[in-house]
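Taking it in order: structure first as structure tokens, then the write-up.
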Amino acid sequence: MKAFEKNTLPNGLRVVTAPMPHAKSVACFLMLAAGSRYETRDTNGIAHFAEHMFFKGTENRPTARQIAGEIDAIGGEFNAFTSKEYTGYYVKCAAEHRDTALDVLIDMIRHSKFDAEEIEREKGVIVEEMNMYYDTPRDYVDGVYDELLYGDQPLGWDIIGTKDTVRAAKRETFIDYLDRWYRAPRIVAGVSGALGEGLLERLQALLGDVQDGATGSPPPVEWSQDAPQVKLHTKQSDQAHIRVGVHSYPLVHPDRYALQLLATVLGGGMSSRLFTEVRERRGLAYYIYGLQQGYTDTGTLFAQGGVDIQRIDDAVSTVVSEFGRIASEPIEPDDVLAGLDAVTIEDVQRVAQDIVREDRLNFALIGPFDDPDRFQKLLSLSA
């Protein structure tokens, strides 16, 4: 039996199914190839705002309580998430309630009312979510870092938007965004678990008339860098949250597997170089990790940690040093995951030397510091 199967409806909407014969439950997803990257400066935050509004009432289920009550009545769980390049909505429930789950989920996405009063009310909710985000430096450093890397273009903007753009949103803002991007070729319906009978026919009935047609693409990302960069967000705190990283490769790249191994060795677990050196040997951080974050046309390899503000210079220098080490030293074979035997040590080393360069280092920080020059001089791979 295949792990998954892909089918395409006549309108171009893709269906991915993953049967699990032993399961008693089912997970139903609608994934959209549209996120905050597909916005303009004036509509920044609308993808995330729309995610909220899909739960507020449809033509068939006019209130949020009715939508939630129908899922609660089958013992289901439902939620949604927005990223820069995609948005997802899902329901998980017992297998016998599959059709109810699909009906509610698809009704939310296709027939939401976007009631003007609900929109105004939800603006306050999102502003408070924004305040929570700004007050959580472990999360907000992500936005500071992205702005440093990508500047004033969609990948450099916060997914949640700004208070001004959220407060300016009107019903037409949502409708225009959805009409442009929520089309069949950008939608994937995913169902896994105990699939049941007649699934494709059911999805054809519910989604077969979703509008087809080309949507175009957002502008390609632009960046250039010939020297290390520093961006500080000064905030009084007992801990500094730092992110050190470099531009890397997009999601689909010939060296993506070697890059993933590189990220794992750098900071992918408790045996990683960052965890061993920064936390275990030096006691400079509570949390520290490394990650490769890929987009369709770019990417970044970074390390993030929450570090002692009294030893901030030592912490930054140690993290930068580990980037330098991984670019200049061979990696032990034991560090390479057995499941990726096709990737050689030479592949990983070549990728490290290609992307980990001093002139492409980027450093973002949230903490009680306001002198970027202090950190600029620490961004040396030869130190």
* Asked: Restricting the search to the stretch 258-280, which residues are in a helix (DSSP H, G or I) and open to solvent by 10 Å² or more (accessible area, probe 1.4 Å)?
  -> Q260, T264, V265, R273, F275, T276, E277, R279, E280
* Asked: With respect to G161, is the statement that it is at positive phi and either buried (at least 20 other Cβ atoms within 10 Å of the Cβ) or in a helix (DSSP H, G or I) (or both) true?
  -> yes
* Matching residues in the stretch 205-248 - criterion: being among the basic types (K, R) and open to solvent by less than 40 Å² (accessible area, probe 1.4 Å) -> R243
* The one condition in (1) part of a helix (DSSP H, G or I); (2) under 30 Å from D158 (Cβ atoms); (3) aliphatic (A, V, I, L, M); (4) in contact with a Cys (Cβ under 6 Å, 6 or more places away or on another chain) that A47 fails to fulfil -> (4)
* Output for the stretch 24-50, where each listed residue is closer than 21 Å to T100 by Cα, open to solvent by 20 Å² or more (accessible area, probe 1.4 Å) and within 20 Å of the chain's Cα centre (by Cα) -> F29, M31
* Asked: Could you say whether any residue in the stretch 6-23 is of a type in the set (S, T, Y), without any contact (Cβ under 8 Å) to a residue 40 or more places away in the chain and surrounded by 14 or more Cβ atoms within 10 Å (Cβ to Cβ)?
  -> no
* Which of the residues spanning the stretch 1-44 are aliphatic (A, V, I, L, M) and not in a loop (DSSP other than H, G, I, E, B)? -> V15, V16, A18, V26, A27, L30, M31, L32
* Show the residue pairs that are 6+ apart or on different chains and have beta-carbon atoms under 8 Å apart, the first residue being within the stretch 304-315 and in a helix (DSSP H, G or I), the second being polar (S, T, N, Q). => I309/S237; I309/Q239
* All but one of (1) over 19 Å from the mean Cα position of the chain (by Cα); (2) in contact (Cβ under 8 Å) with a residue 40 or more places away in the chain hold for A3, so report the exception by its number. => (2)
* From E96, E77, E70, E59, which residue is surrounded by fewer than 15 Cβ atoms within 10 Å (Cβ to Cβ), modelled with pLDDT of 95 or more, over 24 Å from T165 (Cα atoms) and in contact with a Lys or Arg (Cβ under 8 Å, 6 or more places away or on another chain)? -> E77
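Considering only the stretch 302-330, state which residues are under 30 Å from S217 (Cβ atoms) and either in contact with a Leu (Cβ under 7 Å, 6 or more places away or on another chain) or surrounded by fewer than 23 Cβ atoms within 10 Å (Cβ to Cβ) (or both).
F302
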* To do: Would you be able to say whether some residue in the stretch 73-80 is under 24 Å from G193 (Cβ atoms), of a type in the set (A, V, I, L, M, F, W, C) and part of a strand (DSSP E or B)?
  => yes
* Is it the case that the stretch 115-127 has a residue that's within 18 Å of the chain's Cα centre (by Cα), in a helix (DSSP H, G or I) and either modelled with pLDDT of 95 or more or within 19 Å of Y295 (Cα to Cα) (or both)? -> no
* Flag for R202 being surrounded by fewer than 19 Cβ atoms within 10 Å (Cβ to Cβ) and either out of contact with any Asp or Glu (no Cβ under 7 Å at 6 or more places or on another chain) or not acidic (D, E) (or both) -> yes
* To do: Any chance you could count how many residues in the stretch 233-265 are at pLDDT 95 or above and under 20 Å from D359 (Cβ atoms)?
  => 8
* Structure fact -> In the stretch 112-151, residues that are open to solvent by 60 Å² or more (accessible area, probe 1.4 Å) and either over 23 Å from E85 (Cβ atoms) or without any contact (Cβ under 8 Å) to a residue 12 or more places away in the chain (or both) total 12
* Asked: So which pairs qualify, if the first residue must be in the stretch 371-383 and part of a loop (DSSP other than H, G, I, E, B) and modelled with pLDDT of 90 or more, the second must be open to solvent by 40 Å² or more (accessible area, probe 1.4 Å) and among the polar types (S, T, N, Q), the Cβ gap must be under 7 Å, and the two must be at least 6 apart or on different chains?
  -> L378/S317
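The values are calculated or read from the model by the stated rules, or taken from the named source; none is laboratory data. Worth saying up front: this structure is predicted, and the values here are computed from it rather than measured. Quick reminder, even Gly has a Cβ in these numbers, built from the backbone with ideal geometry, and neighbours come from all protein chains shown. What goes into the accessible areas is simple: the full protein's heavy atoms, side chains included, and nothing from ligands, DNA or RNA. Shrake-Rupley method; radii C 1.70, N 1.55, O 1.52, S 1.80 Å.
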